[in-house]
Amino acid sequence: MTRLSRAICTMLVSATALAAVLPASAQSVPNAPTGPVETQYYANGSYATTTTRSAAPCDSKGNQCDVFYPSNIASLNARLPLVVWANGTGSTPDNYTNWLKHLASWGFVVVATRDQQTGYGNTVLDSLAYMRAEEASPSSPFYHRIDFAHVGAAGHSQGASGAANAMFHSNGAITTTVTFELPNQNWCNPADNCLLTPTLTDGSGSIFYVSGTADSLIAPDTQSGGTQLNSQTAYYNATPGTMLKAKGLLKGANHNDITGTPGCGVLGFLKACANGVYGYMGFPTAWLAWQLKGDAVAGAAFKNGTGEFFTANAWTGRVSNIP
Amino acid sequence: MVRTYCIVAILVVAAAIAGFFAWPRSAPVAADAGAVVVRPADAAPTPAPVPMVEPAAPAPQPRSAVETAILASMEDPRAELRDVVVRRDAPQIACGEKRTARDPVFRRFVWLGHLKMLATDDGTKDFANIAAVCREGQPVP
């Protein structure tokens, strides 16, 4: 091999290695947190996490469930709040591992059906029932470890509909929901595989609508008109005033940024992942910590107009009715 | 050893370059050359005016991969598509008309294959905004 070709090869090897390492270490992180609450929950929590998969199907469609939880759950004194997760269309929990482990690191047990069509919310409720059975089984790691008085839901895209539907059809078992990129109703197929207006307007609980400014085709902030709920603002406005509610859009975030690991990698554009999950980790986690773990400081961040959420650099389109 | 690393590195870089150029995100093609008609969905059944000889049934046209994906997303065995057009510079996007068992009128749709998302025309300006993505050169969501 000549000296020149050896040099070219060395350069290529170096460039390849650099490309593999860059997303994790050297690139600037988009949507960095700016205030104390966002900064606190943007970071991973103190718990190491474990992931298990149900040995048998956990929902009525025959899907298994993945459960993300603190590794030392057996030795903790307190029962842990539960979050039921709903995947976007054609997705499994494998697409959201960074986000789901992040929640588990903050002391949540997260159960996620592997259903790829979660819009109705029925399989999400099945996953809740599965965890109730696990909690009652002496042979389960979750035996007497779950606090079923504090159950929340979260989901992405079609799963955002599924999470909200699960809450509204849970007879009060699920008390709060975080929706990521809740699609306009004109993206629902079939039409009832989404969050229907009567379901929302008759609902109770609390809800945090989260979208991204680069997802204007599927989950935009505003709409032109019409009677369908075709924007995050329309969903927010249709949510009863008796519910605690908030809405915000992460700047520059695309439809699938929640799937980041935490970045999108060099091929992220193939799945509409642009900035990664970074900016989503702070306030959505804070909302759940407030609603399910009683973190009042986190709750104060959403106070209408004056909370930290309203001055955070990474967010826009913010509104809430939190007093 | 070094030679092996070099070969692997060259292959990785070559694949990355090929992938970058093969992915047609905004190819500058003539403005109105942007669509490829996959097929008209419902060919009218061939009438048989003289029942003397049983005409051969027309062979069903094979569905394209994009049509198969769209229909699979709808989970409706009676769903039909017609006039499906794939955006030439963004083949993950398709537009056309669909009808379903519960909504038997053909309505326009937009399909984002990379997101497995299907929008249906609800007569609003918002759908018109979505449908703009069917035009070549528009940003891909």
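The values are calculated or read from the model by the stated rules, or taken from the named source; none is laboratory data. Nothing here was measured: the structure is a model prediction, and the numbers come from that model. All Cβ positions, glycine included, derive from the backbone under ideal geometry; neighbour counts span all protein chains shown.
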message: Based on this model, can you work out whether A:Ala214 counts as within 13 Å of another protein chain (Cβ to nearest Cβ), crowded, with 17+ Cβ neighbours inside 10 Å, aliphatic (A, V, I, L, M) and farther than 22 Å from A:Phe108 by Cα?
response: yes
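Table: residues versus (1) under 16 Å from A:Thr97 (Cβ atoms); (2) surrounded by 20 or more Cβ atoms within 10 Å (Cβ to Cβ); (3) of a type outside the set (A, V, I, L, M, F, W, C).
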| residue | (1), (2), (3) |
| --- | --- |
| A:Thr261 | yes, no, yes |
| A:Leu267 | no, no, no |
| A:Phe283 | no, yes, no |
| A:Trp290 | no, yes, no |
- prompt: In this structure, does A:Gly62 turn out to be surrounded by fewer than 24 Cβ atoms within 10 Å (Cβ to Cβ), under 29 Å from A:Leu200 (Cα atoms) and at pLDDT below 95?
  reply: no
task: Quickly run through region B:111-138 and pick out the residues that are over 22 Å from A:Ala160 (Cα atoms) and more than 7 Å from chain A (Cβ to nearest Cβ).
output: B:Gly123, B:Ala128, B:Asn129, B:Ala131, B:Ala132, B:Cys134, B:Arg135, B:Glu136, B:Gly137, B:Gln138
The listed residue being out of contact with any strand residue (DSSP E or B) (no Cβ under 6 Å at 6 or more places or on another chain), assigned to a loop (DSSP other than H, G, I, E, B) and modelled with pLDDT of 95 or more, out of A:Ser204, A:Ser224: A:Ser204
statement: By residue number, the members of region A:44-59 that are surrounded by fewer than 15 Cβ atoms within 10 Å (Cβ to Cβ) and either assigned to a helix (DSSP H, G or I) or without any contact (Cβ under 8 Å) to a residue 12 or more places away in the chain (or both) are A:Ala55, A:Ala56
- prompt: Where residues in region B:102-132 are without any contact (Cβ under 8 Å) to a residue 12 or more places away in the chain and in a helix (DSSP H, G or I), which of them is surrounded by the most Cβ atoms within 10 Å (Cβ to Cβ)?
  reply: B:Asp126
field: Residues of region A:231-251 satisfying the condition of being under 17 Å from the mean Cα position of the chain (by Cα), surrounded by fewer than 22 Cβ atoms within 10 Å (Cβ to Cβ) and either more than 16 Å from A:Ser211 (Cβ to Cβ) or within 14 Å of chain B (Cβ to nearest Cβ) (or both)
entry: none
query: Is there a residue in region B:69-76 that is facing another protein chain (nearest Cβ under 9 Å) and at pLDDT 90 or above?
result: no
statement: Considering only helices (runs of 4 or more DSSP H) wholly within region A:228-309, the ones with at least 2 residues that are in contact with a Lys or Arg (Cβ under 9 Å, 6 or more places away or on another chain) are A:232-238
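Grab the helices (runs of 4 or more DSSP H) fully contained in region A:68-177, keeping just those with 3 or more residues being away from chain B (no Cβ under 14 Å) and touching a helix residue (DSSP H, G or I) at 6+ places or on another chain (Cβ under 6 Å).
Details: elements: A:97-105, A:122-135, A:158-168.
The qualifying helices (runs of 4 or more DSSP H) are A:158-168.
A quick yes/no check of all residues on (1) crowded, with 20+ Cβ neighbours inside 10 Å; (2) touching an Asp or Glu at 6+ places or on another chain (Cβ under 8 Å):
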position	(1), (2)
A:Gly119	yes, no
A:Arg132	no, no
A:Ala136	no, no
A:Ser140	no, yes
A:Ile146	yes, yes
A:Ser161	yes, no
A:His169	no, no
A:Phe180	yes, no
